[in-house]
1. How much accessible area per residue does region 132-268 have, in Å², with a 1.4 Å probe?
2. Quick check: convex hull over the Cα atoms of the chain, volume per residue in Å³, rounded to an integer?
3. When the helices in the chain are scored as -39500 (n - 2.57) per DSSP H run of 4 or longer and the sum is shared across all residues, what 222 nm value do you end up with, to the nearest 500 deg cm²/dmol?
4. Per-residue HN-Hα couplings for region 333-342, Karplus 6.51 cos²θ - 1.76 cosθ + 1.60 at θ = phi - 60°, whole Hz, x for Gly and Pro?
5. Do you know the relative contact order of region 1-102, to the nearest whole percent, from alpha carbon pairs under 8 angstrom that are 6+ apart?
6. Quick one: dipole size for the chain, taken about the Cα centre, charges +1 on Lys/Arg Cβ and -1 on Asp/Glu Cβ, in debye to the nearest 20.
7. Along Cα→Cβ, 7 Å out, is where each label goes; now give me the distance between the ones at Leu200 and Arg336 in nm to one decimal.
8. Which links in Lys24/Lys235; Lys235/Lys319; Lys2/Lys58; Lys2/Lys144; Lys287/Lys321; Lys155/Lys235 stretch past 32 Å when you go from one Cα to the other?
Amino acid sequence: MKNILITGGAGFIGSNFVIHMLDKYPEYNIIVYDKLTYAGNLDNLLSVSDNPRYHFVKGDICDPLTVAETITRYNIDTIVNFAAETHVDRSIMQPDAFIQTGVYGTYVLLEAARQFGLERYHQISTDEVYGHIPAGYSSVETDKLDPRSPYAASKASGDLLVNAYFITYGLPVTITRGSNNIGPFQYPEKVVPLFATNALDGLPLPLYGDGRQMREYQYVGDHCEAIDLVLHTGKLGEAYNIGTGVEMENVTMVEILLETLGRSHDLIRHVADRPGHDRRYSLNIDKIRALGWEPRHTAEEAIRQTAVWYRDNEWWWRKIKSGEFRQYYETQYGERLRATES
Ligand code: NAD
Ligand code: TYD
């Protein structure tokens, strides 16, 4: 492994992973390949922009020619695929790009990996592929995939394609399925950065339904370390869950966030729920633990650290929230929030 193509590397987790890899492996070259959708942001990569081992290519993973040119030009031996449309609420409004990138785009990358005989293809997946998990159970990697949103279905489809390329062509693949990540550079449509930035501005926090849905909030840096470990020591053809093994209700997450930022509970608004909302995700993480990994942060520490990062980095999120985001926010929350006022 020497020249690594990181697709979706200008997004939230991808950019954290790029920074981690450049820092940890002085012998690796990192080539970010990213379409720069609304969620892609070169500000995330400012700290490495002068690094001679970092290169950026603007491109779509659905475009086989540009993918092939990039692999040839940079002598790529490994692909780590973060590229995806990632917000469940947007997938409910407009699923098309989710299917294009998550299904066709994954196929284009797998086919390129096969044709160029790459050393490794690694797919970044999610706990959402398992669907809603009843109380008392935690998903293991061999469980049936049971996605319930267009986003989750696009990710599950990607996983199935990766598996098919392993079985049919012997492509050296691995998959990681992460739980909800939080930390620096997360686009403020996801719940923790949305609520942190709204709270800082004294705006309402639109909590879906009763707010008792459960998620496994994990610190993005922990997730990046686990991906790195699977890339270097994971077994080919296998998937690995990455989380904390501890889930938390959204109402608890909001309390911790507000307390950290010193803002009032009065900002919380219970709004109409998301259609098909998965109530609980929960991962069994024994398999990644067996590789020698442990999360360094509890969910509470991750939430507090993330809240502080948003408090201290207005330069990063203010310009996002004043752009395209406003229209999205009105479409997504306008009616729901106004309904709580009457
Ligand atoms: P993000 O939305 O912040 O970033 C996605 C990146 O992919 C952006 O830079 C975007 O420009 C790029 N992209 C989108 N479509 C593309 C295309 N067709 N070609 C090239 N680039 C494209 O997402 P994120 O939260 O960093 O998630 C990264 C990956 O991790 C995704 O695959 C996601 O499914 C997975 N994941 C995310 C979480 C989470 O909590 N955020 C949890 C588990 C797994
Ligand atoms: P989100 O960050 O969108 O991640 P995902 O749906 O992929 O898990 O949402 C996390 C949880 O927060 C989920 O249970 C939905 C809830 N949520 C709200 O209550 N209000 C919001 O405005 C958003 C975006 C999410």
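The values are calculated or read from the model by the stated rules, or taken from the named source; none is laboratory data. The shown structure was predicted, so the numbers you read here are calculated from the model rather than taken from an experiment. FYI the Cβ positions are ideal-geometry reconstructions off the backbone, even for glycines, and counts take in every protein chain you see. Ligands, DNA and RNA are stripped out before the accessible areas are found, and what is left, the full protein with its side chains, is counted by its heavy atoms. Shrake-Rupley method; radii C 1.70, N 1.55, O 1.52, S 1.80 Å.
1. Value returned for region 132-268: 35 Å² of accessible area per residue.
2. 122
3. It comes out at -12000 deg cm²/dmol, rounded to the nearest 500.
4. Karplus values, whole Hz, x for Gly and Pro: 10, x, 4, 4, 6, 5, 5, 7, 8, 7.
5. Reported relative contact order: 34 percent.
6. Rounded to the nearest 20 debye, it is 220 debye.
7. In this crude label model, Leu200 to Arg336 measures out at 2.2 nm.
8. Over 32 Å apart, Cα to Cα: Lys235/Lys319; Lys2/Lys144; Lys287/Lys321.
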